[in-house]
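Values in this text are rule-based calculations from the coordinates and carry no lab data. Just so it is clear, the model here is predicted, and its values are computed rather than measured.
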């Protein structure tokens, strides 16, 4: 109710502030031609404070509407041009202020130093992607990367850490431009260890071009870490505390030194504390009811670091190196109680008490070397060589005790050891050149992944460990993907833009299970297949207020090595997890139609058909037990509608609103006669409000609401949401920042779900320490001027703008 009331007040206030006052003008390049996609900043003449920002259209025009009376000036920036400003002018109510045309000049080769004045909006809705600028959010303070994703527009993270976007699973997570090869469990642990203070932005690319890897049915989420671009020596230090059920801390330090010949940078952060969550399931299976109540604690000590250097060897060539790392040492514990009773009588027969202690260490290291060549005639070559390692060491101690109503008890104790080794090597080259009136790009990528997964299992009998050969195994998986692509982008006149591309990927993989059991066909599975992935986008700028776009892409989601391991992993006495060696890749064909109104209101209608959907199912076994397995559903169809827009409510109040709805249809019939036929209409609301309270003091209220959805193919979820409140104060001559926030203020962030599958009814709910008070202090030191910086991502480049339109302005931190 609070969130809905806030949205209504935003709408009312917006209508109340509308006037007839307009400021408009034109931006031209050095040759007098219209300059599209230039950033136009409207600033107050009195103190140069930023009022609004717009982007010029294909005809070089911009417009600010509903302006308050006062004296202003225009400041324009555009890539490759020097910043230009207009003379001061006065705005009077009811009159149109025509600003004389601003002519840009080509930037000098040495741009010198420019003081950074304006900040990016928190949420930017662009035609090709959505960007959340994390560093500008008050309520993101103290969060980790997983929490940021949970609160992002159109994103759902289920109880098993599976991430979906606009109703589609199979999203591919990139970190600093490199795809992650870890399974869900290890990836979730890595994301939870990443401090928001280290994150610059999160990019959501739902329909990538052929330049991107084809993996990821729901597209790509790229988490960009901060990289300082300031001249001379400078840095930033921050320290924060979070208070939930227990206190936690996050700290970070970043350093940078840049001159004319080189740039050296590095940062370090840590994360300490105990995190608690709970999960409860009532399971009706066969003739019994199992009512499980569980609590889990994670006590982790995490260290993240990044160091690198760029060497400007000539005016055309740059060589760079980066090393990144994540080191985690911790322990997870769980405690559950499961009363078991008969369905017919409701009489308690026995109670299972289960515990689990899981010491864990994780080491994730990545090394990158990069070469870039670019000349003034439009030729550009980028070569990346990456090598990454992941080492996970996990063991488990599981005592399970049955207590019967007659006073007797039976205890069984299990131990296991599960080391994981992953090695990744990739080489990628991208080349671009002008061709006719457009730009031709082509390139290739070689990727080789090797994983080793050991599962050693012991039964503890009378205090002695007995190795269990029936439950122990070794699983090795290797995968080689070779890719070639071609992509062409050009404009036709000032209204039409076309992008089309084709990517070819050949996949060779082998999974090999070595166990003490008799060999089975699924113990060794080899695959060799070649696929083609077309993509296309068309943009039409009807006029300065309306731009339309159509996009299409075909993508693939390959099973992870963990999902392919056919062996059984015992979670507790009644639950186990097993892989499926015969999992097939899933394929998605996605279409989207978009409309951008006045570079602000963005509306996107999409349809996706997924073949052989991979989903995690909870099935039954041995009458009283359940197991978790990944299987291919026959298909899934998703229709989605997304609407997002920034709203300048008042001079002191800016808002961003996003509404997403999708209709999902799941249908499958398995060989054993079990069926799935579920249709769900899901919606999500997302709102963020920023208030300029006083000089140097800013407030933020953000919230999200997610309607019913589907998790894991069979679980129907209930509505849930949350709201965060924050304040930010600039201190120490604006070099210091104090941020405080109160998360999940209404204490509504608990999930609820129901599943009816294979004759079993599951009813579950759970939550985590979402309700926290957080405080953070950061301080910038050294020079605060920025130089023209090298634009570089490793393993993945920023996508070419496919549509001839700009992005909206606003902010947000919700669901």
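Against the empirical 2.2 N^0.38 Å (N residues), the range 20-108 has a Cα radius of gyration ratio of 1.03. Quick note on the range 366-495: its Rg to Rh ratio, both from C-alpha atoms and Rh being the Kirkwood radius, is 1.36. Give me the percent relative contact order of the range 259-339, please, defined on Cα pairs under 8 angstrom at least 6 residues apart. After rounding, I find 35 percent.
Computed over the Cα atoms of the range 123-786, pair by distinct pair, the Kirkwood hydrodynamic radius stands at 26.8 angstrom. Each residue of the range 424-525 gets 146 Å³ once the volume of the Cα convex hull is shared out per residue.
Taking the Cα atoms of the range 341-412, the ratio Rg/Rh between the radius of gyration and the Kirkwood radius comes to 1.56. Measuring nothing but how far apart in sequence close Cα pairs (under 8 Å, 6+ apart) lie, relative to its length, the range 123-786 scores a relative contact order of 12 percent.
Kirkwood-type hydrodynamic radius, the range 241-290: 15.9 Å, calculated from all non-identical alpha-carbon pairs. If you take the Cα centroid of the range 419-498 and the Cα centroid of the range 248-323, the two points sit 20 Å apart.
One equal scatterer on each Cα of the range 247-381, no solvent, Debye formula: the resulting log10 I(q)/I(0) at q = 0.15, 0.18, 0.22 Å⁻¹ is -0.87, -1.02, -1.20.
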